[in-house]
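Let me begin by presenting the structure, written as structure tokens, before commenting on it.
The values are calculated or read from the model by the stated rules, or taken from the named source; none is laboratory data. All figures in this text were calculated on a predicted structure; none of them were measured in a lab. A quick note on method: Cβ atoms are made from the backbone with ideal geometry, for glycine too, and the neighbour counts reach across all protein chains shown.
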Amino acid sequence: MVKIAVLGCGTVGGGVFKLIKQNANDIEQRIGQKVEVKKVLERDADKAHSIGVTTELCTSYDEILQDDEIKIIVELIGGTEFAYDCIIKAIEAGKNVVTANKDLLAIKGEEIFSLAKQKGVDICFEASVAGSIPIIGPMQNVLCANTFSAIVGILNGTTNYILTKMNDFGLSYEEALKQAADLGYAEANPSSDVEGTDAARKIAILGSLAFNSRCTLSNVYCEGITKIVEKDIILAKKLGYTIKLIGMAKEKDDKIILFVRPTFVPMSHPLASVNDVFNAVFLKCDAADEIMLYGRGAGEMPTASSVVGDVMTICNSIANNTTGQHGLDCYKQKEILPIGELESSFCLRLRVADKPNVLAGIASELGNRGVSIESVIQSPVPDVDMASLTIITHKAKEQALQDAISSLKEKEYVEKAYIFMCLDKTN
């Protein structure tokens, strides 16, 4: 029998407790030993009792650390301070750890994984990225012989729900966000989701895993969806795209670029059909070519599924006396590129002065910086002496594009500019 402790009795912690109880017989048959939740750390006794926790309830973490029978600690508290202390103390006590804490791993991953390797304990973290979607395990196991060139993902269910409703039903951002909140898909303070930070944490973890080089939250360029308006949605449709909040980790010439941003995704791309609260991760690698994994990225039982799967993985390691082999060992140090080095095609939505030679001036400014225009759509703006100009570029560096737009604003050719990366097979 393997005895574990669960830290936190919130949505996911409650799901883990229930799932282990509910599927106890199948779990035992699959790994050859029972899994027992011996302790649940939770200050709110009523919350714990509401999911069936009784004698397991514990309010002292030291009690868990000092219990030699407990071999695995499942950290589901969240946050970065107390959770960090709990994980470090668990590792130092020789206990294996399962965590879903993307916030912590995207900032302190280097310290945590290095200490775990030194102490010979496992750290499993499948649930830290994309909930129930099996992505960490496949990348570390069945796909580990591959060299990855890019990971592209829809990694946040809240923003994907909002963009889906804006696209399908013409809702404004504010209306779609309210609907998401009413249905429980958005937090009371949704800033981490809608500003892209949640997805950025996940792409940092995936980038570290794919390229064997430590990527942190600070390495990820991040834009959210709060500035997306109906005009953008309509324009994307007109051009054969849909807007998704895309997280990408991309490697080229041993250098890495990471970002989260609203992106024009072609309707022919598999990610275009990922809607509502669903997530998906699209992998590009040399041997297996292209793979997309799809599922629910959050929620009580979907996330609990990944957590308990990690517990079972460590149980097998304990049985085989092979702990210390599960973690995230980044043995390379690759350069992280700034977002200006990104090469892609782009869609520019410009508000420009409606007068002669403006288009020629814009084309000249872009051309001087090596940005080639693929197509242009122009339409007047009612009641003002302005025009709306849409430009699709050929592949170009983002910095060249930004420099051109800055120059055009100085010359008063362009009043406002909105830039969207266009996803294609070369990204």
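In summary, helices (runs of 4 or more DSSP H) completely within the range 1-112 and bearing 1 or more residues that are touching a residue at least 60 places away in the same chain (Cβ under 8 Å) occur at 11-22, 24-31, 82-92. Filtered by the rule that a residue be polar (S, T, N, Q) and either more than 20 Å from Ala236 (Cα to Cα) or within 22 Å of the chain's Cα centre (by Cα) (or both), the range 151-182 gives Asn156, Thr158, Thr159, Asn160, Thr164, Asn167, Gln179. Just so you know, in the range 399-414 the residues that are assigned to a helix (DSSP H, G or I) and among the hydroxyl-bearing types (Ser, Thr, Tyr) include one that is surrounded by the fewest Cβ atoms within 10 Å (Cβ to Cβ), and it is Ser406. Looking only at the range 210-221, count how many residues are of a type in the set (A, V, I, L, M) and surrounded by 24 or more Cβ atoms within 10 Å (Cβ to Cβ). Residues in the range 210-221 being of a type in the set (A, V, I, L, M) and surrounded by 24 or more Cβ atoms within 10 Å (Cβ to Cβ): 2 in total. Scanning the range 318-335 for residues that are crowded, with 20+ Cβ neighbours inside 10 Å and in a helix (DSSP H, G or I) gives no hits. Residues that are out of contact with any strand residue (DSSP E or B) (no Cβ under 6 Å at 6 or more places or on another chain) and not small (Gly, Ala, Ser) within the range 281-306 comprise Asp286, Asp289, Arg296, Glu300, Met301, Thr303, listed in sequence order. Among all residues of the range 116-128, there is at least one that is closer than 28 Å to Ala280 by Cβ, over 17 Å from the mean Cα position of the chain (by Cα) and part of a loop (DSSP other than H, G, I, E, B). Checking every residue in the range 284-305 against the condition of being outside the structural domain of Ala363 (by TED's automatic domain parsing), among the small types (Gly, Ala, Ser), buried (at least 19 other Cβ atoms within 10 Å of the Cβ) and part of a strand (DSSP E or B) gives zero matches.
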